[in-house]
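Have a look at the structure below, then the notes.
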Amino acid sequence: MGEKVSLTERYGEAIRKEYAHWNDLNVNGGSDPFYEDGVNMELTWNHILYYRMKCEEELDPEQYPEEYYLEIPPEVDRHYMAKAAEIPGRAAEALSIMEADPDYKYLRRVVGQLGDQERKQTCIGAVLGYVSGTRLAIQDGNLVEMRRKIKVATYLEVFRDCRRKCEEILKEPEVKTYPDGYQLTIFDVMNMT
């Protein structure tokens, strides 16, 4: 009997968590980088049905948790996105911030100065691609991709790190200076001092 009570509590908690997750996805949306909120809501909907089925398989009807009797959420179109009307504006704002970033501007200036191996080493192509990818996502109306780009602080940090790598590669060799009137020797000219 004690085990069945624990199953009742466990399934009740699981169903409650899935309902909370479904509601949060419905109102606030998720952060899945590849799928619309509707896909994740469908997955959560299936979890609710699964736990209800487990109650039916493993418990007597009088032991079902109260969560079992909650109304099952409606099925949602797989392409549903919460706050869909807000996402393009926020993505456009993120794009403006990225394009104005001094580190991004630096990377655009120096990309041509790097060889193939240096480009691979710094990942500069992928880093610059964040901006063009955001622009393309806005142009195509790709809400999932736009939503990924909204967290602009992450991209600014990546720009900064890439810039440090590029500066290290492109740093100017130290130029030796001599006081006025100093007579250069052959060793100075050949940079052997």
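The values are calculated or read from the model by the stated rules, or taken from the named source; none is laboratory data. A quick note: this is a predicted structure, and the numbers were derived from the prediction, not measured. All Cβ positions, even for glycine, are placed from backbone atoms using ideal geometry, and neighbour counts span all protein chains on display. Side chains included, ligands, DNA and RNA excluded: accessible areas come from the protein's heavy atoms. Shrake-Rupley method; radii C 1.70, N 1.55, O 1.52, S 1.80 Å.
Details
- Among all residues of the range 134-155, there is none that is at pLDDT 95 or above, open to solvent by 100 Å² or more (accessible area, probe 1.4 Å) and over 27 Å from Asp32 (Cα atoms).
- Residue count for the range 166-193, restricted to those that are at pLDDT 70 or above, open to solvent by 100 Å² or more (accessible area, probe 1.4 Å) and either closer than 26 Å to Gly115 by Cα or within 46 Å of the chain's Cα centre (by Cα) (or both): 2.
- Number of the exception - Asp32 against (1) among the charged types (D, E, K, R); (2) at pLDDT 95 or above; (3) closer than 30 Å to Arg160 by Cβ: (2)
- Filter pass, Tyr106 being buried (at least 16 other Cβ atoms within 10 Å of the Cβ), over 22 Å from the mean Cα position of the chain (by Cα) and closer than 17 Å to Tyr155 by Cα: yes
- Any hit, the range 44-53, residues being more than 30 Å from Phe159 (Cα to Cα), among the polar types (S, T, N, Q) and in contact (Cβ under 8 Å) with a residue 24 or more places away in the chain: yes
- Taking first residues from the range 21-35 that are without any contact (Cβ under 8 Å) to a residue 12 or more places away in the chain and partners that are of a type outside the set (A, V, I, L, M) and open to solvent by 80 Å² or more (accessible area, probe 1.4 Å), no Cβ contact under 6 Å between residues at least 6 apart in sequence or on separate chains turns up.
- Restricting attention to the range 118-164, the residues that are touching a residue at least 60 places away in the same chain (Cβ under 8 Å) and outside any helix (DSSP H, G or I) total 1.
- Note on the range 57-103: residues that are of a type in the set (A, V, I, L, M, F, W, C), assigned to a helix (DSSP H, G or I) and open to solvent by less than 50 Å² (accessible area, probe 1.4 Å) amount to 6.
- Of all residues in the range 29-56, those being open to solvent by less than 80 Å² (accessible area, probe 1.4 Å) and assigned to a loop (DSSP other than H, G, I, E, B) number 5.
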